[in-house]
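The values are calculated or read from the model by the stated rules, or taken from the named source; none is laboratory data. All values reported here derive from a predicted model rather than from experimental measurement. When we count neighbours, we look across all protein chains shown, and the Cβ atoms used for this are built from the backbone with ideal geometry, even at glycine.
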């Protein structure tokens with residue numbers, strides 16, 4: 001029990017962010033029309049590409065002689081970028097069409 | 001000083017994600033919302049690289065920019081070149097890449113955090129979720145692009161999957177509590193998570209893939225959030241949790257549209273439906289066929305026509321031909337509109353995107369609730385490559401696996417013409433009694449081919 005409270009106290013700012021963001025996430029897409037489900041899913045898909053920031057931090061914190069970290073980090077940054085760029089571009093392509101006809 | 005600025009940048013990034021997602025849920029602001037979130041992402045990435053504290057070898061900078069450059073070129077070209085009909089599987093593929101990224105972070109960071117059980121727990125959680133999301137998305141991708149056609153079900157797959165899931169938890173708990181430094185366990189857990197992702201998605205039918213992708217999407221968000229927790233990185237945390245919670249809600253909204261509880265999607269309630277398929281084929285009487293020339297005449301004399309597009313239209317890439325047909329009919333004074341079922345196609349909203357591509361008016365796309373009362377005043381309904389979403393069994397037959405799913409009530413129209421390639425059952429694997437009704441005629445063939453014939457027959461009527 002003490003450990004849980006200690007964990008909470010040490011990470012209280014993070015835990016606050018987590019809890020509040022859960023509500024924000026639900027609130028933000030609460031009233032989305034079915035038409036936009038696919039672009040919305042695709043847009044959200046691009047946003048979780050933010051994981052690439054973590055991959056960059058991995059590389060920045062590693063020694064260049066740590067080949068395993070270098071190779072895995074390189075692949076991770078590459079895949080994360082693929083997620084971000086591909087995600088945003090494909091979402092934009094979907095939405096471009098919605099705009100054209102109006 | 002650098003450290004202070006990075007927090008402001010991360011705050012900016014988080015705000016653009018929230019605003020971007022908010023704007024994405026409104027047709028008018030959606031495109032700008034996407035661009036705003038993308039801009040926030042670029043700033044967050046550049047900030048992370050340039051405002052890093054401490055000495056960094058220039059080789060590492062080179063590698064980072066190399067990886068980003070390569071990822072940008074490949075991602076950009078793939079996204080620009082893909083056909084609109086292939087988008088759902090592409091989203092799944094990109095999602096898998098994000099999951100793999102999270103998994104790799106976990107594999108590397110494990111060694112750096114051996115003295116902190118809390119960090120190890122966070123790392124393992126991110127790695128397991130990322131791996132499941134990766135392998136699951138790859139399977140979903142393979143299913144959607146047709147290279148993996150059938151749902152593969154191991155005997156007692158539900159029990160097996162549940163056991164593996166419990167095993168994953170137990171194994172993770174063991175690694176955290178034993179404080180083991182042994183890499184074998186790390187890779188053992190990694191392999192088990194990959195395996196679970198495969199077994200989790202592989203029994204699920206193609207019709208449920210959108211729900212699965214949406215669910216895996218929120219998994220990847222969660223994996224990113226664990227990364228944020230590990231580094232105390234706010235932008236990863238906010239972005240990840242935002243997608244995690246919004247993605248979960250979106251998954252539930254999609255399930256609601258299909259009237260398929262999430263539990264049934266995952267544990268497969270379509271199982272019995274497939275048994276009916278074999279016995280149901282052809283045993284429900286005869287169907288009437290109609291050719292393009294007769295249909296052209298019939299359409300020409302109709303006052304009001306509703307078109308129900310489905311996956312068949314997407315597969316045949318018939319969205320441009322159908323627009324041409326609509327135009328021709330309108331020139332002849334026929335009122336034409338499209339009735340869009342919320343889950344028509346392979347993803348919710350897929351049909352809207354496709355029809356938008358061929359410049360169909362936004363106002364002509366009618367959603368299910370609005371259009372259902374209109375069928376009774378409609379002379380002719382043309383169903384193009386849709387099946388389950390117009391199956392009256394969903395309303396009348398409590399034993400049907402799709403019973404309770406909201407459908408387009410096309411059977412209320414005066415005439416129904418169904419275009420299909422063959423009499424094969426739809427994705428739910430059940431026969432459609434609508435095809436055997438008196439007012440229904442079948443127009444067999446590839447959607448693009450028969451619609452092109454229909455268009456030339458209509459032109460020839462002058």
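Scanning the range B:439-455 for residues that are out of contact with any strand residue (DSSP E or B) (no Cβ under 6 Å at 6 or more places or on another chain) and touching a residue at least 60 places away in the same chain (Cβ under 8 Å) returns B:444, B:446, B:448, B:449, B:451, B:452, B:453, B:454, B:455. Of the helices (runs of 4 or more DSSP H) lying entirely inside the range B:1-116, those containing at least 2 residues that are more than 7 Å from chain A (Cβ to nearest Cβ) and out of contact with any helix residue (DSSP H, G or I) (no Cβ under 7 Å at 6 or more places or on another chain) span B:2-24, B:30-50, B:58-81. Would you confirm whether or not the range B:150-170 contains a residue that is under 21 Å from the mean Cα position of the chain (by Cα), exposed (fewer than 12 other Cβ atoms within 10 Å of the Cβ) and within 26 Å of residue B:93 (Cβ to Cβ)? Among the residues of the range B:150-170, at least one is under 21 Å from the mean Cα position of the chain (by Cα), exposed (fewer than 12 other Cβ atoms within 10 Å of the Cβ) and within 26 Å of residue B:93 (Cβ to Cβ), which makes the answer yes.
Selection of the range B:324-344 for residues being within 14 Å of chain A (Cβ to nearest Cβ), closer than 23 Å to residue B:409 by Cα and without any contact (Cβ under 8 Å) to a residue 40 or more places away in the chain yields B:326, B:338, B:340. Being closer than 18 Å to residue B:334 by Cα and at pLDDT below 90 is a property that residue B:459 has. The one condition from (1) away from chain A (no Cβ under 14 Å); (2) closer than 21 Å to residue B:180 by Cα; (3) surrounded by fewer than 23 Cβ atoms within 10 Å (Cβ to Cβ) that residue B:119 does not meet is (1). Applying the criterion of being in contact with a strand residue (DSSP E or B) (Cβ under 7 Å, 6 or more places away or on another chain) and farther than 18 Å from residue B:369 by Cα to the residues of the range B:296-317, the residue that is farthest from the other protein chains (Cβ to nearest Cβ) is B:298. Checking each residue in the range B:369-388 for being at pLDDT 90 or above and crowded, with 22+ Cβ neighbours inside 10 Å picks out B:378, B:380, B:381, B:382, B:383, B:384.
Considering the conditions (1) more than 27 Å from residue A:36 (Cα to Cα); (2) within 14 Å of another protein chain (Cβ to nearest Cβ); (3) touching a helix residue (DSSP H, G or I) at 6+ places or on another chain (Cβ under 6 Å), residue B:158 is excluded by exactly one of them, (2). The helices (runs of 4 or more DSSP H) located wholly in chain A that include 2 or more residues which are without any contact (Cβ under 8 Å) to a residue 24 or more places away in the chain and in contact with a helix residue (DSSP H, G or I) (Cβ under 6 Å, 6 or more places away or on another chain) occupy A:12-28, A:37-47, A:51-61, A:67-100. Scan the range B:239-288 for residues that are modelled with pLDDT under 50 and in a loop (DSSP other than H, G, I, E, B) and the total you get is 5.
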